[in-house]
Amino acid sequence: MNEKVLSTLEFDKILKRLGDKCYSESARARSLALRPYDSIGKVETAQSETEEALKLIFSRGSLSFRGLKDVKRSIKRAVSGGALSIRELLDMVLLLEIADRVKKYPEDEGETRTVLTDKFEGLTSEPALVKAIRSCIVDEETIADDASPELFSLRRKKKKAADSIHTTLQNLIRGQLKSYLMEPVITMRGDRYCVPVKAEYRSTVSGMVHDMSSTGSTVFIEPAAVVELNNSIRQYELQEKAEIEKILMSLSEQCAGEAEFIDADYDILTELDLIFARAELALDMNAQRPLFNTGEIIKLRQARHPLLDEKKAVPIDIRLGEDFDLLIVTGPNTGGKTVALKTVGLLELMGLSGLHIPAADRSELSFFKEIYADIGDEQSIEQSLSTFSSHITNVVKILHDANITSLCLFDELGAGTDPTEGAALAEVVLSYLHKRSIRTIATTHYAELKEYALTTNWVENACCEFDVATLKPTYRILVGVPGKSNAFVISQRLGMPQHIIDNAARLMNEEDKRLETLMSNLEESRQELEKEKRELEKQLNDTKSLNGRLRSKENKLEESREKLLSRAKEEARELLAQAKETADETIKYMQKFASADALREAEKARSRVREELKAATGSGKHLKDFDEVPGETEEYAGARAKGHKTLTANDIKIGDEVKIVSQDLKGMIKTLPDKKGFLSVQCGIISNKVHISDLILVGQSARQAGSSIHSLGHAKSISPELMLIGMKADEARASLEAYLDDAYLSHLGQVRIVHGKGSGILRDMVHSYVKRVKYVSEYRLGEFGEGDSGVTIVRFKD
């Protein structure tokens, strides 16, 4: 692609915006050097990369490459045996950390491979090297104390020496040197510890003079007592410096060992940085991936110039190459002709460079090997070229170089000279390109070119729409409509006398008048068609909106219906569950004293309750009347007391059935009498505290009753374990519900539900059910030795 057209169409400004999206200097440099690709395959690959990066940004958020530095020179020096600086090693580890983070970035995207998969998979993180560098380097100025045992020992010795110096100097300051000092402080001069001594005592204080104040009143002396300690610190510092160099050398050698991977990481990260910059730019521009063809066809829908404000730019529809290979655009100055011309050329350059374009979906570009543009005033004083001469120079070069795979753009072709000659020259140039089937767009004011388009096959007119009422352009491009001169109308609206306008009209030749009348008729027809099209579109949109509202209402009604049915099912289930729970509690209480016949009737009623609950839960049918649970019968009381005998503590035990005489209530003893003779009796759900003298024994203890009449139906042989493996969820739930009822009524303290591990469906069903059962006190997954997560342990309330 010729460099001149890149400048003419302001492609460099697009690249500047792209560079601003890059994190690394290398990616920024590559973005500024970006040029259209030389094959359709490369173009499609680059477009796919941009598209995939944009998808990842939408699903995973933006990807940052902040901190990525060029390490190629550092790696090269490390490989050749050189030691890297702390800063270089930190750049190295930061690159590896970025590589590790970027490699994990698309991990949730599943098994589908994309055009970026190989790049992500090609990254290596080298965690051992990262750990080694991070453990040794604290920041740009500091090596960690524990970077090596030798360094740790040297720094400890240096600190110990410094502490000794401080202690010695503090003793001197508070003691024999106190009266000689300007002030009692320890200061540093160079790298030596000193004290500020008054000048008149300079000879009195033994030591080395390192400095003097500007007034000469204070000398800074290193007392003789700390000279050796200061020397030892200097020695430790030299040894420390040598040890640090050894550590840096060791880390550099480790980097050299991974040089190939680090170098590859840098190249991949730089490339990904540029790819994601292209995606971020597309996001900013609200750009789409264009379709590409090799048939020199352009179809732009709602295209915007990318350098104009998106809120102000008027989208244009423009096409070329399918029905015509030459498009002649006419219209008033500042009407948008040049912007339209630049939009087509710039979007072609962007698309061919792998960038998405600010246009509607399904916009189509072609793979042009060259784009030529003659746009703007390029007169040159140095080369003694006028505006016309500079344009003709460009046109000559274009005519020489252009071919069937080229796109040519001309702004005001033939302008800058005599209109008659300019129009003739422009027509001949366009005719030459048209005969060679070279795709061309040209803007003009010449009426002769409009007529040429009307009378020539595969040549089409277009115009920039102008609103005569407001005297302002609309900036819309109307393909197939020749531009109409509005000079007379505009002049009239601006106050030009009518007789002058009439005289001007009479000066026009008959051919021009016929052409103007033809274009006026075409414009009126177009406006009528546009009006009808807008009305039809409005009706269509209203119909779609109405259909949408109807569907929305229908969906809401369906949702309301589903909610009502669901609520009714839930309420039915809760009512039956409550009734069933009441029945279970009653039967459990009865079983201690009731006869076998009564218990069999109770078991039947309980089974009917369970069936009602299943039916209501499964089908949502109306509840049946529930009145089968038997009330208290004569047999319910068991053995009646045959006489009121005063009981003693020896006559009763926990679990005995008694009657509270004063309240005419029956219950079960829960505690033994205290010193005053009071004890607790459980009557249903109420616990009463009564005196032992107010009680009569009415039956056996619960333990004895449990051994004589123990359970309903098969409760005598209830197992402490339920196996659900192999059942479907609905079947398992029914079994679980019946089993828990029987186990609870059989006084089992806890049971073991075996549901297996698998997909967790049975486990979730078990946990969902038992947490709503009121007689369950707690539940948990099995521990080691109990079946682990394949088993749930359920404990009942006492």
Requested in this report: Residue by residue through region 462-510, note down the ones that are over 18 Å from His445 (Cβ atoms), small (Gly, Ala, Ser) and modelled with pLDDT under 75.
Outcome: Ala469, Ala505
Requested in this report: Return the residue satisfying two criteria in turn: it lies in region 186-212 and is without any contact (Cβ under 8 Å) to a residue 12 or more places away in the chain and outside any strand (DSSP E or B), and of such residues it is surrounded by the fewest Cβ atoms within 10 Å (Cβ to Cβ).
Outcome: Ser203
**Report entry** Residue pairs meeting the criteria (Cβ under 7 Å; at least 6 apart or on separate chains; first free of Cβ contacts under 8 Å to residues at least 24 places away in the same chain, in region 81-110; second of a type in the set (Phe, Trp, Tyr) and open to solvent by less than 20 Å² (accessible area, probe 1.4 Å))
**Finding:** Lys103/Phe120
Requested in this report: Say whether the condition of being of a type in the set (A, V, I, L, M) and out of contact with any Phe, Trp or Tyr (no Cβ under 8 Å at 6 or more places or on another chain) is met by at least one residue in region 42-50.
Outcome: no
Query raised in the report: Being at positive phi, at pLDDT 85 or above and open to solvent by 30 Å² or more (accessible area, probe 1.4 Å), is that true of even one residue in region 239-252?
Result: no
Query raised in the report: Do the conditions hold for Val459, that is, is it in contact with a helix residue (DSSP H, G or I) (Cβ under 7 Å, 6 or more places away or on another chain), at pLDDT 90 or above and either closer than 15 Å to Pro482 by Cα or open to solvent by less than 30 Å² (accessible area, probe 1.4 Å) (or both)?
Result: no
Query raised in the report: Residue check, Arg87 against (1) touching an Asp or Glu at 6+ places or on another chain (Cβ under 8 Å); (2) more than 19 Å from Ser26 (Cα to Cα); (3) open to solvent by 50 Å² or more (accessible area, probe 1.4 Å), all met but one. Which one?
Result: (2)
Requested in this report: For region 109-129, name all the residues that are over 20 Å from Ile275 (Cα atoms) and open to solvent by 20 Å² or more (accessible area, probe 1.4 Å).
Outcome: Gly110, Glu111, Ser125, Glu126, Pro127, Ala128
Query raised in the report: Is it true that some residue in region 689-698 is open to solvent by 80 Å² or more (accessible area, probe 1.4 Å), touching an Asp or Glu at 6+ places or on another chain (Cβ under 8 Å) and modelled with pLDDT of 65 or more?
Result: no
Report task. Search region 113-139 for residues that are at negative phi and aliphatic (A, V, I, L, M) and pair each with any residue that is exposed (fewer than 12 other Cβ atoms within 10 Å of the Cβ) and modelled with pLDDT under 90 when their beta-carbon atoms are under 7 Å apart and the residues are at least 6 apart or on different chains. Result -> none
Query - Residue among Ala415, Ala453, Ala424 that is modelled with pLDDT under 85, of a type in the set (A, V, I, L, M) and farther than 24 Å from Ser366 by Cβ - result: Ala415
Requested in this report: Could you give me the residue pairs with C-beta distances under 6 Å whose first residue belongs to region 48-75 and is more than 27 Å from Gly351 (Cβ to Cβ), whose second residue is open to solvent by 30 Å² or more (accessible area, probe 1.4 Å) wherever it lies, and which are 6+ apart or on separate chains?
Outcome: Arg66/Tyr23; Gly67/Leu94; Leu68/Tyr23; Asp70/Ser26; Ser74/Glu88; Ile75/Asp263
Report summary line: The one condition Ala161 fails out of (1) assigned to a loop (DSSP other than H, G, I, E, B); (2) open to solvent by less than 20 Å² (accessible area, probe 1.4 Å) is (1)
Query raised in the report: Given Leu399, Leu385, which one is surrounded by fewer than 18 Cβ atoms within 10 Å (Cβ to Cβ), at pLDDT below 90 and among the aliphatic types (A, V, I, L, M)?
Result: Leu385
Query raised in the report: Does Glu222 count as open to solvent by 40 Å² or more (accessible area, probe 1.4 Å), modelled with pLDDT under 90 and not hydrophobic (A, V, I, L, M, F, W, C)?
Result: no
Query raised in the report: Restricting to region 425-464, what's the tally of residues that are acidic (Asp, Glu) and in a strand (DSSP E or B)?
Result: 1
Requested in this report: Just name the residue that is farthest from Leu722 (Cα to Cα) out of those in region 741-798 that are of a type in the set (A, V, I, L, M, F, W, C) and in a loop (DSSP other than H, G, I, E, B).
Outcome: Phe784
Query raised in the report: Is there a residue in region 365-373 that is among the basic types (Lys, Arg) and under 21 Å from Ala462 (Cβ atoms)?
Result: no
Query raised in the report: Within region 30-74, how many residues are among the small types (Gly, Ala, Ser) and surrounded by 15 or more Cβ atoms within 10 Å (Cβ to Cβ)?
Result: 5
Query raised in the report: Checking Ser148 against (1) open to solvent by 30 Å² or more (accessible area, probe 1.4 Å); (2) closer than 30 Å to Leu90 by Cβ; (3) among the hydroxyl-bearing types (Ser, Thr, Tyr), which test does it fail?
Result: (1)
Requested in this report: Give region 166-185 a look and list any residue that's among the β-branched types (Val, Ile, Thr) and over 14 Å from Ala225 (Cα atoms), or say none.
Outcome: Val185
Query - Test: Leu95 is under 17 Å from Glu260 (Cα atoms) and open to solvent by less than 40 Å² (accessible area, probe 1.4 Å) - result: yes
Query raised in the report: Tally time: how many residues in region 75-84 are open to solvent by 40 Å² or more (accessible area, probe 1.4 Å) and either hydrophobic (A, V, I, L, M, F, W, C) or touching a strand residue (DSSP E or B) at 6+ places or on another chain (Cβ under 8 Å) (or both)?
Result: 2
**Report entry** Pick from region 122-145, criterion part of a helix (DSSP H, G or I) and among the β-branched types (Val, Ile, Thr), ranking: nearest to Glu88 (Cα to Cα)
**Finding:** Ile133
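The values are calculated or read from the model by the stated rules, or taken from the named source; none is laboratory data. This one's a predicted model, so the numbers in the text were calculated from it and none came from an experiment. We place every Cβ from the backbone using ideal geometry, glycine too, and count neighbours over all the protein chains shown. Ligands, DNA and RNA are excluded from the accessible area calculation, which covers all protein heavy atoms including side chains. Shrake-Rupley method; radii C 1.70, N 1.55, O 1.52, S 1.80 Å.
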